[in-house]
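Below is one structure, written out as structure tokens; comments come after it.
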Amino acid sequence: ATKMALRAGLRSKRGLTGVAVMRMQSPPVNSLNLELLTDICIALEKLEMDKSCRGLIITSNQPKVFSAGLDILEMYGKSPEHCGEFWKAVQEMWLKFYGSNLVTIAAINGSSPAGGCLMAMTCDYRIMADNPRYSIGLNETQLGIVAPFWFKDTLMNTVGHRTTEMALELGLLYSPAEALKIGMVDQLVPEDQVLTTATEAMTKWLAIPDHARQITKSMIRKPTIDKLMSNREDDVKNFVKFISKDSIQKSLGVYLEMLKKRKA
Ligand SMILES: CCCCCCCCCC/C=C/CC(=O)SCCNC(=O)CCNC(=O)[C@H](O)C(C)(C)COP(=O)(O)OP(=O)(O)OC[C@H]1O[C@@H](n2cnc3c(N)ncnc32)[C@H](O)[C@@H]1OP(=O)(O)O
């Protein structure tokens, strides 16, 4: 049986129709592996084609974690072919979310490092649980890896040039309060109110006529999307070359060990 990694459905609760809620549920930490990325893309594609759907809230069913980012095990000790397939799926997820016609809101109910932060930043609006134990940011350099240009562009479009320099070079993970201050997230609320607040925010976004909002969104995001679209194959090649290096594999191995030791 195939594992359902997420649930997506159209709900009509409290008068809010046409809004899907996607809950990532890939234990233990919603790390984005090939299966979860594919499921997310298929679900979003279906919603995008469903004329009754206007908005999407993405959240997590796992306690304390929105998403741990890309699954390191998909990049560690794997063949170049596998790494290439994996990277295409990461690109696909980003392209679909960043270019979505739907109103997309991230209800960030836990930590969201690296690829998890990227995913949240592709959304139109971000609400995070106000819990100082949680963190969010692009921490790639701390793992000895380099976030590609489209991760950097997404961050820069969200928080600006100078903050991106600091955030990306130092691989900073921010507390929710810090993330709010730099504009990485838009709103903080108590943990048990993240989803209801996302629903309230959605009402405001849905009050704008779709065509006007969609054209405006596309005008703002298209140059960034086009940049990856016209460099997709080179970006895959660069990734495979980079990730296959002995030194990078070693860094990933050390990082994985550190994660396990930290737990022990
Ligand atoms: C010029 C060159 C251009 C070239 C371009 C190359 C581009 C390369 C870029 C590649 C980009 C990568 C982006 C990424 O997303 S990398 C992933 C980064 N993620 C992290 O650093 C997060 C790591 N995880 C954590 O910090 C914590 O797990 C957590 C999310 C805060 C949750 O903490 P919690 O205490 O609840 O959980 P545990 O730490 O105990 O974890 C439970 C088990 O899950 C395993 N785990 C955690 N995260 C990952 C992950 N991302 N991938 C795989 N596995 C993960 C962890 O080891 C535990 O496993 P165990 O139960 O077996 O011990």
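Readers should treat all values here as calculations from the given coordinates under stated rules, not as data from a laboratory. Note that the structure is predicted; figures quoted are calculated from it, not measured. Don't worry about glycine lacking a Cβ; one is built from the backbone with ideal geometry, like all the others, and counts go over all protein chains shown.
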> Scanning the stretch 251-264 for residues that are among the charged types (D, E, K, R) and either loosely packed, with under 10 Cβ neighbours inside 10 Å or touching a residue at least 24 places away in the same chain (Cβ under 8 Å) (or both), which turns out farthest from the ligand (Cβ to nearest atom)?
Replying inline: LYS261
> Residue check, VAL240 against (1) touching a Cys at 6+ places or on another chain (Cβ under 7 Å); (2) more than 12 Å from the ligand (Cβ to nearest atom), all met but one. Which one?
Replying inline: (2)
> Which of the residues that make up the stretch 118-129 are under 9 Å from the mean Cα position of the chain (by Cα) and more than 8 Å from the ligand (Cβ to nearest atom)?
Replying inline: MET119, ALA120, MET121, THR122, CYS123
>> Would you confirm, using the coordinates I've provided, whether MET156 is hydrophobic (A, V, I, L, M, F, W, C), surrounded by 14 or more Cβ atoms within 10 Å (Cβ to Cβ) and away from the ligand (no atom under 14 Å from the Cβ)?
In response: yes
>> Restricting to the stretch 57-79, and then to whatever is part of a strand (DSSP E or B) and more than 8 Å from the ligand (Cβ to nearest atom), can you tell me which residue is farthest from LEU206 (Cα to Cα)?
In response: SER60
>> If the requirement is being surrounded by fewer than 24 Cβ atoms within 10 Å (Cβ to Cβ), within 10 Å of the ligand (Cβ to nearest atom) and not aromatic (Phe, Trp, Tyr), which of these qualifies: SER111, SER135?
In response: SER135
> Does at least one position in the stretch 101-108 carry a residue that is within 14 Å of the ligand (Cβ to nearest atom) and either surrounded by 24 or more Cβ atoms within 10 Å (Cβ to Cβ) or in a loop (DSSP other than H, G, I, E, B) (or both)?
Replying inline: yes
> Only one residue in TRP94, TRP87 is crowded, with 20+ Cβ neighbours inside 10 Å, in contact (Cβ under 8 Å) with a residue 60 or more places away in the chain and farther than 30 Å from HIS211 by Cα, so which one is that?
Replying inline: TRP87
